[in-house]
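First comes the structure, then the notes that go with it.
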Ligand code: B16
Ligand code: MG
């Protein structure tokens, strides 16, 4: 029986992808790489420095910048991103997710956050939902990002639970792979996530009742 839920942040709890895209778009313009919807999609769940590498590569510029210059570009992007994060309010929790958090809390389930974002604590604070969670995995401490199981294994540890009794929620293919490899139940947000144990079209359909119904 499931005793805890590990949440991805961007695309599951908040639509922060929109803000990441706005800030990265400016970086892409600055380095003369073309910003496309495909590039924006490919950056989901990818770490900050890896995202920058992908943007540089898109324009064939990966060798045009020193490591120091790359760090400066990533820092500049993050400063812009954090300004945008300041505009988030509790209304920006994705549809249905506040009700789901309340349902889990009322039913005694534990919760933790497994996000690649170093800004996850700041976003939870803006959304006023920090207190729902036992804790947030610090992505700076990871040896490998999603699809490696490490982040979701640590998210179970944060709740003091064995992976077998944890369900992970993700909107990216790499994230679902990470949950499965950690030995947890995978819940996918997005019908294209074929490797997920349970799938929902969007966040508004996620509830304990609907999860149980899909598990049969
Ligand atoms: P930061 P998730 C990911 O969040 C985002 O999807 C990805 O676009 C971003 O680059 C990454 O976090 C790192 O974010 O620059 O704030 O540390 O989906 O894993 O919650
Ligand atoms: Mg995500």
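Residue 122: in contact with a helix residue (DSSP H, G or I) (Cβ under 8 Å, 6 or more places away or on another chain) and either at pLDDT below 95 or farther than 27 Å from residue 201 by Cα (or both), yes or no? Let's see the steps before the verdict.
On the way: in contact with a helix residue (DSSP H, G or I) (Cβ under 8 Å, 6 or more places away or on another chain): yes; either at pLDDT below 95 or farther than 27 Å from residue 201 by Cα (or both): yes.
Considered against the rule, which asks whether it is in contact with a helix residue (DSSP H, G or I) (Cβ under 8 Å, 6 or more places away or on another chain) and either at pLDDT below 95 or farther than 27 Å from residue 201 by Cα (or both), residue 122 comes out as yes.
If only one of 145, 216, 168 is at pLDDT below 95 and within 12 Å of ligand 2 (Cβ to nearest atom), which one is it?
145
Being surrounded by 15 or more Cβ atoms within 10 Å (Cβ to Cβ), more than 9 Å from ligand 1 (Cβ to nearest atom) and modelled with pLDDT of 95 or more is the requirement here; does residue 28 meet it? Steps first, answer last, please.
Values: surrounded by 15 or more Cβ atoms within 10 Å (Cβ to Cβ): yes; more than 9 Å from ligand 1 (Cβ to nearest atom): yes; modelled with pLDDT of 95 or more: yes.
Considered against the rule, which asks whether it is surrounded by 15 or more Cβ atoms within 10 Å (Cβ to Cβ), more than 9 Å from ligand 1 (Cβ to nearest atom) and modelled with pLDDT of 95 or more, residue 28 comes out as yes.
Condition check ((1) at pLDDT below 95; (2) over 22 Å from residue 6 (Cα atoms); (3) within 16 Å of ligand 2 (Cβ to nearest atom)) across all residues:
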residue	(1), (2), (3)
70	no, yes, no
75	no, yes, no
80	no, yes, no
84	no, yes, no
95	no, no, yes
98	no, no, no
104	no, no, no
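Are there strands (runs of 3 or more DSSP E) fully within the stretch 97-216 with at least 3 residues that are within 17 Å of the chain's Cα centre (by Cα)? List them.
By residue number, 110-113, 166-170, 185-189.
The conditions are (1) touching a strand residue (DSSP E or B) at 6+ places or on another chain (Cβ under 7 Å); (2) surrounded by fewer than 22 Cβ atoms within 10 Å (Cβ to Cβ); (3) within 19 Å of residue 84 (Cα to Cα), and residue 3 fails exactly one of them. Which is it?
Among (1) touching a strand residue (DSSP E or B) at 6+ places or on another chain (Cβ under 7 Å); (2) surrounded by fewer than 22 Cβ atoms within 10 Å (Cβ to Cβ); (3) within 19 Å of residue 84 (Cα to Cα), residue 3 violates only (3).
Starting from the stretch 91-108, keep only residues that are within 12 Å of residue 132 (Cα to Cα), then list their pairs with residues that are surrounded by fewer than 18 Cβ atoms within 10 Å (Cβ to Cβ) and at pLDDT 95 or above whose Cβ atoms are within a distance under 7 Å, requiring at least 6 positions of separation or different chains.
Pairs that qualify, where the first residue is within 12 Å of residue 132 (Cα to Cα) and the partner is surrounded by fewer than 18 Cβ atoms within 10 Å (Cβ to Cβ) and at pLDDT 95 or above, are 100/207; 103/207; 103/208.
If a residue must be within 11 Å of ligand 1 (Cβ to nearest atom) and without any contact (Cβ under 8 Å) to a residue 24 or more places away in the chain, how many such residues does the stretch 3-25 contain?
The qualifying residues number 2.
The conditions are (1) modelled with pLDDT of 95 or more; (2) surrounded by 13 or more Cβ atoms within 10 Å (Cβ to Cβ); (3) over 30 Å from residue 202 (Cβ atoms), and residue 63 fails exactly one of them. Which is it?
Answer for residue 63: the failing condition is (2).
Within the group 98, 44, 70, 83, which residue is under 25 Å from residue 153 (Cβ atoms) and either more than 12 Å from ligand 1 (Cβ to nearest atom) or crowded, with 18+ Cβ neighbours inside 10 Å (or both)?
44
The values are calculated or read from the model by the stated rules, or taken from the named source; none is laboratory data. Note that the structure is predicted; figures quoted are calculated from it, not measured. Cβ atoms come from the backbone with ideal geometry, glycine included; neighbour counts cover every protein chain shown.
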